[in-house]
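**Student:** Please see the structure below; I have some questions.
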Amino acid sequence: MSKLISAVGLTLDTAYQKISDDEWRQLIDMAIGRGALKKRDDLLAGKAINQSENRAALHPALRNLSNRAMTIDGIDVMPLVKNVWQRMSGFCNQLMGITDIICLGIGGSDWGPRLVCDALYHINPKENNAIRLHFVANIDSAELATALSRAQPHSTRVLITSKTFTTLETLRNAQTVINWLKQHNATPSQIKKSLIGITANPEAAEAFGIAPDNIYPFWDWVGGRFSVWSAVGFPIAIKFGFDTYMDFLAGAHAMDEHFITAPATENMPLTLALTLIHNQKKHGITAKALIPYAHALRLLPEWLQQLEMESHGKTVTMSGETCDPTSPVVFGSAGSNSQHSYFQMLHQGSQIIPVDFIAVQEPMSQLPEAKEHHEALIANCLAQAQALANGSNETNAYNSCPGNRPSNLLWVKKLDAYHLGALLALYEHRALCLGAIWNLNSFDQPGVELGKKLAKPIQQALHGDNSALNGIDEITAARIKWLNS
Ligand code: F6P
C-alpha cells in the first residue's frame with residue numbers, strides 16, 4: 001500500500017519504500033508502543049522532556065498563532081513570545097538608513113536563519129529590500145573579513161545571536177566587528193546602537209556591552225537547533241519583512257496542528273520517521289541522503305545535519321542503556337547537481353543509502369524559460385528515484401544498477417515562507433518521533449563539550465604559552481611544536 005499523505009501544502013509519497021500494509025501496522029504499533037505520540041503530547045504540555053537539562057522543549061510556542069495558551073509549570077509563555085514579536089516588528093519598521101546586517105552566530109544560531117534567508121532570496125531576488133545580510137559563523141576570519149569588506153560600517157547593525165552567549169566563535173567575531181567599527185571612527189554610543197543581542201542569557205549580553213533595549217530574548221526551553229522560530233529568525237524579518245517571518249511561523253504552526261490532530265496512519269512526521277526505521281531494519285542502513293531538487297533549498301541538508309545528528313548521534317539512552325542503531329550519517333545537497341557527484345554511489349555503491357527527495361511543484365524563477373527548466377528538473381528527480389528503486393537488468397554486471405534502493409518523495413506545493421516553515425517543522429517532528437523510538441534525549445548535545453574543552457589549552461600553547469602543553473597529549477603537543485617552529 002503506497003502511502004500518500006498530504007498536509008499543509010506538502011505531499012509525502014513513500015511508494016518506493018515498498019512497505020507492506022502489515023509492515024506499516026507493525027511500524028506504527030512499535031512507534032506508539034515506544035511512546036512517540038506520548039512524547040509529542042508531553043512536549044506540547046511543556047513537560048521537561050529534555051531530561052538531562054531538566055528543561056521543556058516548547059519551540060511550537062514560538063509559532064503558536066492560535067489563541068491557546070502554552071504553559072510551562074502552569075505559566076503561559078505566550079505573553080513573552082508575543083512581546084518579542086511586537087519588538088521585532090517595531091525594529092522592522094525602523095530600518096531606514098540601514099544598509100547592512102552582520103549576522104553573527106553558529107550552529108542553531110546560524111543554520112536556520114541562513115537557510116531561510118538564502119531560500120527566500122533565491123525565490124524572489126527582486127522582491128526584498130536592499131539590506132545586505134552577511135552571515136558569519138566560523139572562527140576562521142576569512143568569513144568575517146569578506147563580510148566586513150562588503151558592509152558599510154556607519155549603516156551596519158550587528159546581530160549577535162547566541163543562546164548561551166558564551167560561544168567562542170560568536171564572541172570572538174563580535175569583538176572583531178567592534179574593533180572594525182572603532183577603526184571606522186564609530187563613537188561608543190554609535191557602537192552601542194549597532195549591537196543587537198539575541199540570546200537566552202541577557203545578563204551575559206549586557207555584560208558584553210549590549211544595551212538592554214537591544215537585547216531580544218529567547219528562553220532555555222528553546223533548543224538551539226529548534227530556535228529559528230524565535231528572535232534567532234530576526235534576519236528573516238529584517239530582510240523579507242515581518243509579515244513574511246510570520247508566514248514562516250504560520251506554516252510551521254499548521255504542521256504542528258497536523259502533527260497533533262492527524263491519526264497515526266495519516267501522520268506525516270511519524271510516517272517519515274518510520275520509513276527510516278524500516279530502512280534500518282530491512283537494509284541495515286547507516287547513512288541517508290536528503291536531496292532537495294531546488295537550488296533555493298541547497299542549505300537544507302546542512303540544517304538537517306545538525307537537527308538529526310546533534311539530536312541523535314548518540315548511543316546511550318535516557319535510561320542509560322545502549323541503543324544501536326540510532327541516527328544514520330545524514331548528508332545531501334541540491335539536485336540536479338548531486339547527480340554529478342555521489343549518485344554513482346547511490347546507484348552502484350556497496351551500501352544502500354535511502355534518499356529523501358524533495359521536489360517543488362511550481363517553477364522557482366520568473367524567467368520566461370522557467371517551465372522548461374522545471375520540467376527537466378522534475379524529470380530528473382523522478383527518474384533518479386525510479387532508477388534507484390528498479391535498477392537496470394543489464395547483462396553486463398559492470399553497467400547494471402541493482403535497484404531495490406528505497407526513497408521518499410516529498411512534494412512542496414510552492415516554495416515560499418509558509419511552506420518552508422511547514423517543511424522545517426515536519427523534520428523537527430520527525431526527529432521527535434525518532435528520539436522517542438530510540439529513547440534518546442533529542443534536545444541536548446553532551447558530546448560537543450569535550451572538543452571545546454580541549455581546544456582551550458591548545459589555543460594557549462599555540463599562542464606561545466608552553467606551560468599549557470602539560471595537559472596536552474604528546475601527539476598534539478608535537479603538532480603544536482611543529483607548527484610553532
Ligand atoms: O554545537 C553545539 C552548540 O551548543 C549547538 O547546540 C548550538 O546551536 C551552538 O553550539 C551555538 O550555541 P549558542 O547559540 O549558545 O551560541
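The values are calculated or read from the model by the stated rules, or taken from the named source; none is laboratory data. Keep in mind that what you see is a predicted model, and the values were worked out from it rather than measured. For accessibility, only protein heavy atoms count, side chains too; no ligands or nucleic acids. Shrake-Rupley method; radii C 1.70, N 1.55, O 1.52, S 1.80 Å.
**Student:** Over the chain, what percent of the accessible surface lies on carbon and sulfur atoms, probe 1.4 Å? Walk me through the intermediate numbers first.
**Tutor:** Working: 11410 of 21540 Å².
Exposed carbon and sulfur together represent 53 percent of the surface.
**Student:** Something else: Averaging the inverse of every distinct alpha carbon separation and then flipping it gives the Kirkwood radius. What is it for the stretch 92-162, in angstrom units?
**Tutor:** On the way: mean 1/r = 0.0778 Å⁻¹.
One over the average 1/r among Cα pairs gives 12.8 Å for the stretch 92-162.
**Student:** Looking at the stretch 435-485, I'd like the Rg to Rh ratio, where Rg is from alpha-carbon atoms and Rh is Kirkwood's inverse mean 1/r.
**Tutor:** Details: Rg = 16.3 Å, Rh = 12.8 Å.
Looking at the stretch 435-485, the ratio lands at 1.27.
**Student:** Further question on the same structure: With just the Cα atoms defining each centre, how far is the stretch 178-217 from the stretch 133-159? Give it in Å.
**Tutor:** Taking the Cα centre of each part, the stretch 178-217 and the stretch 133-159 sit 15 Å apart.
**Student:** Return one number: the angle in degrees, 0 to 90 and rounded to the nearest 10, between the long axis of the Cα atoms of helix 168-183 and the longest principal axis of the Cα atoms of the chain.
**Tutor:** That helix lies at roughly 40 degrees to the long axis.
**Student:** Moving to a separate point now. Over 29 Å between C-alpha atoms is what I'm after, so list which of Lys193/Lys239; Lys82/Lys182; Lys282/Lys413; Lys82/Lys452 land there. Working shown, then result.
**Tutor:** Details: Lys193/Lys239 19 Å; Lys82/Lys182 35 Å; Lys282/Lys413 31 Å; Lys82/Lys452 35 Å.
Beyond 29 Å between Cα atoms: Lys82/Lys182; Lys282/Lys413; Lys82/Lys452.
**Student:** Hey, another quick one. List the aspartates and glutamates whose Cα lies under 17 Å from the Cα of Lys192, skipping any in the same chain that are fewer than 8 positions away.
**Tutor:** Asp100, Glu203, Glu206, Asp213
**Student:** Starting from the Cα coordinates of the stretch 130-228, work out the convex hull volume and express it per residue in Å³.
**Tutor:** Details: hull volume 10.1 nm³, N = 99.
In the stretch 130-228, the Cα hull volume divided by residue count equals 102 Å³.
**Student:** Could you give log10 I(q)/I(0) at q = 0.13, 0.19 Å⁻¹ for the stretch 197-318, computed by the Debye formula over C-alpha point scatterers of equal weight, without solvent?
**Tutor:** Log10 I(q)/I(0), no solvent term: -0.78, -1.33.
**Student:** Out of every Cα pair in the chain, what percent are spaced more than 30 Å from each other? Walk me through the numbers before you get to the answer.
**Tutor:** Numbers: 59028 of 117370 pairs.
Above the 30 Å cut-off, the chain has 50 percent of its Cα pairs.
**Student:** Jot down the per residue volume, in cubic angstrom and as a whole number, of the convex hull over the alpha-carbon atoms of the stretch 59-246.
**Tutor:** On the way: hull volume 21.3 nm³, N = 188.
Convex hull of Cα atoms, per residue: 113 Å³.
**Student:** Would you calculate the volume per residue, in Å³, of the smallest convex hull containing every Cα atom of the stretch 1-156? Don't skip to the answer; put the middle values down first.
**Tutor:** Details: hull volume 33.3 nm³, N = 156.
Hull volume normalised by residue count: 214 Å³.
**Student:** So what's the back-of-envelope 222 nm ellipticity for the chain, counting only DSSP H runs of four-plus at -39500 (n - 2.57) apiece and dividing by all residues, rounded to 500? Numbers along the way, then the final one.
**Tutor:** Numbers: 17 runs with 213 residues, N = 485.
Here the helix-only value at 222 nm equals -14000 deg cm²/dmol.
**Student:** Quick one, what does Rg over Rh come out to for the stretch 372-470 if you take C-alpha atoms and the Kirkwood Rh? Mind dumping the intermediate values first?
**Tutor:** On the way: Rg = 24.0 Å, Rh = 19.3 Å.
Reported Rg/Rh (Cα atoms, Kirkwood Rh): 1.24.
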